[in-house]
Amino acid sequence: MAVTLLPPRPPSALVAGGVVLGAWVAVDVLADFQVSGLFCLAALVVAVSASPRQTLMISVAAVTAAVASGLWNDNLGSAAWLVRLAGCVIGCASAIVAAQLMEHHRQVLQHTSSLAQGLLDALAVELTGARTVKEVASGFVGRAAARLGASSGMVFVLDADQMMRSIVWMGRGGPEADRYTEFPVDADLPGAIAAREGTPRHYRNRAAIEAQFPQLRGYYRDDRSLHVLPLTRGDRTVGLLALTFPVGVIVTAEEGLLVAFSGALAAALTRAQELEAADAAAQRTQLLAEASLSLFRTHDVDGTLAEACRLLVPRLADWCVIHQLKDGQLVTAALRHRDPQVTAWAQSMRDVFPADMDAATGAPAVIRTGRSELYPYIPRELLDAAATSDEHAEVLHRLGMVSAVIAPMPGHDGVIGAISLAHAESGRRFTSEDVRFLEDLARRIGLAMDTATTLSEQRDRLTDVTAIAEAAQLAILAPVPARVGSLRLSARYVSAAEEAQIGGDLYEVVPVEDRVRLLVGDVRGKGLPAVRTATVVLGEFRAAATQEPALPALAKRLDQQLRPWLDSEEDFVTACLIDIGPDGFFEAVSCGHPPPFHISGDGWQPIALDPAPPLGLGVEPTPGRGRLHRRDRLLLHTDGLLEARTAVGHFFDPDTLQVLAAHEPFEQVLDGMLQQLRANTSQRLQDDLALLLVGYDPSDAAPPGPALGRGLSTDG
């Protein structure tokens, strides 16, 4: 929309006046009758479209010609001449006065048009992209009122309870202004009267205001005019625009401009309300879709509540507060404001004012009754009633909430809390659609909280059980000595226990004269039966290792001694046995167990073994042989190393550990391997894991001595 400025005066106006004057002079000279009294018509013609100065010029010429008319008509000084001269003078004077009035009116129209154009330009810039009622109102008051030179500007909206509530206030005064942030339509106030009558009200100065409204005496500290204009759509009043100006800034002609722009503001506010409703509906749909995914990702209660607040603020609310019911009391579990600094301040006030669980409204009532509460607008009285103290009331008012909605959060065992949303700075209002949305979201949050709580309890239980499993496992495993003869030793056991399913991975080291015999095994199954079977295998190995000279015979003896302890024909134990001499020569047998890795140089190779059946199924093992050179290492392991999977489900490649196994300091190898293994398997193993590392280092070798038992020094 553009405002057309007044066109400039045509340059022919003065010429036209001269032509008219010349024509009448010609008539006066040539005709038989005298018409000098009509010379003033030339001034009147000029006055219609020319300036007062031009009108004066033609008037002087017309009067001069009227005087001269007495010369060529030979009646200078006669009564007839004087009458005609007086008529001309009066007519010219009237033309000059008319020209001055028209010039003043023209200047007023010019100023009004220029002002209107400036307002439109300012509003076009400010309101572009505005999609909320407050943005539109702020744009109008911030730009338009300032352009008009207003001292203050206010926009009020009319709520369903017939209360006018301010959403924008420019140039707000002192504490007295707080009394009029909201007022009833039936109040004896300028804005209330304008809203009731549906007509603008203009008060020229402070005296006029105070004369009609004595209660406002002293409210305005300086003299000013007040203009209150109802914002209407059809026959419905939707709000109010109130502007004040220094006296004399707004003249009568410009009052019509204010009325026109109040109509434009009403249309813009109505459009903004429609946009707000459409945006809110789109956000609700999108938020529910996002919540279905993101609320169940965190797997802990605090993370779930923080994610709920993040989803809602600022997209659907300025404030989000989630209360949990614990031991019959409400605690603030999470809160968020659109401004992080305000959030930090609110966090510092967390639970400073305990909730009154018997309160008739608010979160306590919602939890008690299980019914949601909607506050499209929040009267000051409601905040005062909700406060538990004067200090609490001050804090509540400081929050600046204008609308709120509260919904219960149902859990498996009833209502477990409440979620509250509030609008403040945005000026938006909640509707019944928001109630239905929040109830749906609250159910999802409650379910996510229950799920997170269950997972947390399961994690805690699993942690406890895993610790018990590892303790039980270690109770039957003798700690390996740090060194036996020319061999350095290190062992680790890691449980992947689920609930109470203790695994059956085992290892043992037994020195025999000048040799060392090692065992790594894995009992089929889990739980106490697996522990019992592992205990049998370890006990028999410790006894038979010193009695059986040949490694295959030792394996067969373990097989025979184990069979009576197996519960079924499907139970068995995989095992790898190694015999290492002082010169590094070794012999190994596999009973259904993965072969050890021989670590030498920059990598490793599995020892070539012909595997026999597992222990308990009848074994006739064939030994494999090899030799360890100085600095060589052997890694004995259970199948937990081979069955580990990456985060995407692929089997972990143990060859990625071989450089670490070959070059890391001996005492750091196993810890480094476990750290790398966990990093590549999402911190979770598919099966228990036992690792036994042997390093051949004949320097400073001590004799193996007798069989070693518990209580010897270890490498940890």
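In table form, for the structure just shown:
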read-out: Checking ARG196 against (1) open to solvent by 30 Å² or more (accessible area, probe 1.4 Å); (2) within 19 Å of GLY149 (Cβ to Cβ), the condition it does not meet; value: (2)
read-out: Verdict on GLU587 being of a type in the set (Asp, Glu), within 15 Å of LYS556 (Cα to Cα) and out of contact with any His (no Cβ under 9 Å at 6 or more places or on another chain); value: no
read-out: Residues located in region 281-292, provided they are among the hydrophobic types (A, V, I, L, M, F, W, C), over 18 Å from ARG428 (Cα atoms) and open to solvent by 40 Å² or more (accessible area, probe 1.4 Å); value: ALA289
read-out: Within region 394-437, tally of residues that are part of a helix (DSSP H, G or I) and in contact with a strand residue (DSSP E or B) (Cβ under 8 Å, 6 or more places away or on another chain); value: 4
read-out: Residue, least open to solvent (accessible area, probe 1.4 Å), within region 159-181, restricted to residues that are outside any loop (DSSP other than H, G, I, E, B) and within 20 Å of ARG217 (Cα to Cα); value: ALA177
read-out: Residue tally, condition closer than 17 Å to GLY504 by Cα and open to solvent by 60 Å² or more (accessible area, probe 1.4 Å), over region 552-598; value: 4
read-out: Lone unmet requirement of (1) open to solvent by 50 Å² or more (accessible area, probe 1.4 Å); (2) assigned to a strand (DSSP E or B) for ALA211; value: (2)
read-out: Residue satisfying all of: in region 4-56; open to solvent by 40 Å² or more (accessible area, probe 1.4 Å) and polar (S, T, N, Q); modelled with the lowest pLDDT among these; value: THR4
read-out: First in region 32-57 and touching a residue at least 40 places away in the same chain (Cβ under 8 Å), second anywhere and surrounded by 20 or more Cβ atoms within 10 Å (Cβ to Cβ) and among the basic types (Lys, Arg), Cβ under 6 Å, 6 or more apart; value: SER36/ARG84; GLY37/ARG84
read-out: Subset of region 509-568 that is assigned to a helix (DSSP H, G or I) and among the small types (Gly, Ala, Ser) - its residue that is farthest from the chain's Cα centre (by Cα); value: ALA553
read-out: Top-ranked residue in region 583-637 [being closer than 22 Å to MET673 by Cα and of a type in the set (Val, Ile, Thr); ranked as farthest from the chain's Cα centre (by Cα)]; value: ILE607
read-out: Qualifying residue in region 338-352 (condition: surrounded by fewer than 13 Cβ atoms within 10 Å (Cβ to Cβ) and either on the phi > 0 side of the Ramachandran plot or of a type in the set (Ser, Thr, Tyr) (or both)); value: yes
read-out: Residue that is modelled with the highest pLDDT, among those in region 182-198 that are in contact with a Pro (Cβ under 7 Å, 6 or more places away or on another chain) and either closer than 19 Å to GLY256 by Cβ or part of a loop (DSSP other than H, G, I, E, B) (or both); value: ALA194
read-out: Subset of region 228-284 [modelled with pLDDT under 85, outside any helix (DSSP H, G or I) and in contact with a strand residue (DSSP E or B) (Cβ under 9 Å, 6 or more places away or on another chain)]; value: GLY248, VAL249, ILE250
read-out: Residues of region 285-301 satisfying the condition of being in a helix (DSSP H, G or I) and free of Cβ contacts under 8 Å to residues at least 60 places away in the same chain; value: THR285, GLN286, ALA289, GLU290, LEU293, SER294
read-out: Test result for THR304, over 27 Å from ALA146 (Cα atoms) and touching a residue at least 60 places away in the same chain (Cβ under 8 Å); value: yes
read-out: Residues of region 293-337 classified as at pLDDT below 90, surrounded by 15 or more Cβ atoms within 10 Å (Cβ to Cβ) and small (Gly, Ala, Ser), total; value: 2
read-out: Filtered residues of region 27-84 (kept if farther than 28 Å from SER12 by Cα and of a type in the set (Val, Ile, Thr)); value: VAL83
read-out: Meets criteria (open to solvent by 70 Å² or more (accessible area, probe 1.4 Å) and modelled with pLDDT of 85 or more) for ASP700; value: no
read-out: Within region 322-393, helices (runs of 4 or more DSSP H) holding 1 or more residues that are within 25 Å of the chain's Cα centre (by Cα) and not acidic (Asp, Glu); value: 340-348, 363-369
read-out: Every residue from region 214-234 that is open to solvent by 40 Å² or more (accessible area, probe 1.4 Å) and touching a His at 6+ places or on another chain (Cβ under 8 Å); value: none
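The values are calculated or read from the model by the stated rules, or taken from the named source; none is laboratory data. Source: prediction; values computed, not measured. A quick note on method: Cβ atoms are made from the backbone with ideal geometry, for glycine too, and the neighbour counts reach across all protein chains shown. When the accessible area is computed, the model is the full protein with side chains, heavy atoms only, and any ligands, DNA or RNA have been set aside. Shrake-Rupley method; radii C 1.70, N 1.55, O 1.52, S 1.80 Å.
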